[in-house]
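*Asks:* Got a structure for you, questions after.
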Amino acid sequence: MTLAEILAGLFPQGHSVTVRDGLVTGAGRFADGTLHVVGVDGDTPLGVDGALVLSRAVLDAVRAGDKAPILVVVDSDSQRMSRRDELLGLNECLAHLAKALLLADRSGHPTIGLIYGHSAAGAFIATALATRILAALPGANPSVMDLPSVAKVTKLPLDKLQEMAKSTPVFAPGLDNMVATGAVHVVLDPGKPLDGQIRDLIANLKPGDDRDRLGEERGGRPVARGIGAAVIAQAGRG
């Protein structure tokens, strides 16, 4: 689905969502209230300027005080890998965006990610993975790091990494692997009304982050939950 189709499905009565330089901001009438929308479209890389624009939109929604849900739509490249962005503190700006989304969720604005295209690396982490629940549409292609990049970092042969990826979802890119690890909570059905599916996700949101539980149940991240619990227990004893 394209962004235009997504917005039409979410807001049959119209909306004020706009796209400028690949950045998505706005809102629309949803159920009995409002749904704020922010995100990245058109496989656009997310740089310093874009991260700050989206952070401002999220914080403005929090300041509005309406407790309305925030939908983060994602079809991005990775973070913008330019010298300018790196010198201006791209890592801090991406972290600021992620923290703005966490603040919004803790301030009573349920945050839902919807990945419908590509996304990778810092842009994926600061948008889709910073929401409380992440949904996807068929055909989405998320990754934290593609295998050629992993090969460069680890100095392992690409063919060896490709073989390892077949049996280790936590290590591998792609939608199926992200579902297996619990990073993507659910894949939506494009044949059903999109507004109803998003409304059901919001209505059934549970407190906290349960990605480790999903990863354990789905077999893609079998030990993360136990390790996390052990770390919390040890910290409590200190």
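The values are calculated or read from the model by the stated rules, or taken from the named source; none is laboratory data. For clarity, every value in this text was computed on a predicted model and none was experimentally measured. So basically every Cβ, Gly included, is an ideal-geometry build from the backbone, and we count neighbours across all protein chains shown.
*Asks:* Looking at the stretch 21-42, is at least one residue among the β-branched types (Val, Ile, Thr), in a strand (DSSP E or B), in contact with a Gly (Cβ under 8 Å, 6 or more places away or on another chain) and modelled with pLDDT under 95?
*Replies:* Yes: the stretch 21-42 contains one or more residues that are among the β-branched types (Val, Ile, Thr), in a strand (DSSP E or B), in contact with a Gly (Cβ under 8 Å, 6 or more places away or on another chain) and modelled with pLDDT under 95.
*Asks:* Of the residues Ala98, Ala140, Ala123, which is more than 20 Å from Gly47 (Cα to Cα) and among the small types (Gly, Ala, Ser)?
*Replies:* Ala140
*Asks:* Then there's this: Name the single residue, out of those in the stretch 62-121 being in a helix (DSSP H, G or I) and touching an Asp or Glu at 6+ places or on another chain (Cβ under 9 Å), that is farthest from Asp209 (Cα to Cα).
*Replies:* For the stretch 62-121, the residue satisfying everything is Asp85.
*Asks:* Of the residues Leu3, Leu52, which single one is among the aliphatic types (A, V, I, L, M) and either without any contact (Cβ under 8 Å) to a residue 24 or more places away in the chain or in contact with a strand residue (DSSP E or B) (Cβ under 7 Å, 6 or more places away or on another chain) (or both)?
*Replies:* Working: Leu52 fails: either without any contact (Cβ under 8 Å) to a residue 24 or more places away in the chain or in contact with a strand residue (DSSP E or B) (Cβ under 7 Å, 6 or more places away or on another chain) (or both).
Of Leu3, Leu52, the one residue that is among the aliphatic types (A, V, I, L, M) and either without any contact (Cβ under 8 Å) to a residue 24 or more places away in the chain or in contact with a strand residue (DSSP E or B) (Cβ under 7 Å, 6 or more places away or on another chain) (or both) is Leu3.
*Asks:* Another question, if that's okay. Any idea which residue in the stretch 135-164 is nearest to Gly9 (Cα to Cα), counting only those that are in a helix (DSSP H, G or I) and within 22 Å of the chain's Cα centre (by Cα)?
*Replies:* Ranking the candidates gives Leu147 first.
*Asks:* Still on this structure, please answer the following. Going through the stretch 71-89 one residue at a time, which ones are of a type outside the set (Lys, Arg) and either surrounded by fewer than 19 Cβ atoms within 10 Å (Cβ to Cβ) or out of contact with any strand residue (DSSP E or B) (no Cβ under 6 Å at 6 or more places or on another chain) (or both)?
*Replies:* Within the stretch 71-89, Met81, Ser82, Asp85, Glu86, Leu87, Leu88, Gly89 meet the criteria.
*Asks:* Hey, can you tell me all the residues within the stretch 168-186 that are buried (at least 17 other Cβ atoms within 10 Å of the Cβ), at pLDDT 90 or above and closer than 28 Å to Ala4 by Cα?
*Replies:* Across the stretch 168-186, the qualifying residues are Leu175, Asn177, Met178, Val179, Gly182, Ala183, Val184, His185.
*Asks:* Output the residues belonging to the stretch 101-133 that are of a type in the set (A, V, I, L, M), surrounded by fewer than 24 Cβ atoms within 10 Å (Cβ to Cβ) and under 18 Å from Leu35 (Cα atoms).
*Replies:* Leu102, Leu103, Ile112, Ala130, Ile133
*Asks:* If you don't mind, another one. Tell me, yes or no, whether the stretch 30-38 has at least one residue that is over 19 Å from Leu201 (Cβ atoms) and polar (S, T, N, Q).
*Replies:* No, every residue in the stretch 30-38 fails to be over 19 Å from Leu201 (Cβ atoms) and polar (S, T, N, Q).
*Asks:* Which of the residues spanning the stretch 122-134 are in a strand (DSSP E or B) and either within 17 Å of Val170 (Cα to Cα) or basic (Lys, Arg) (or both)?
*Replies:* Leu134
*Asks:* Please tell me if Leu88 is without any contact (Cβ under 8 Å) to a residue 60 or more places away in the chain and hydrophobic (A, V, I, L, M, F, W, C).
*Replies:* When the stated conditions are applied, Leu88 passes them.
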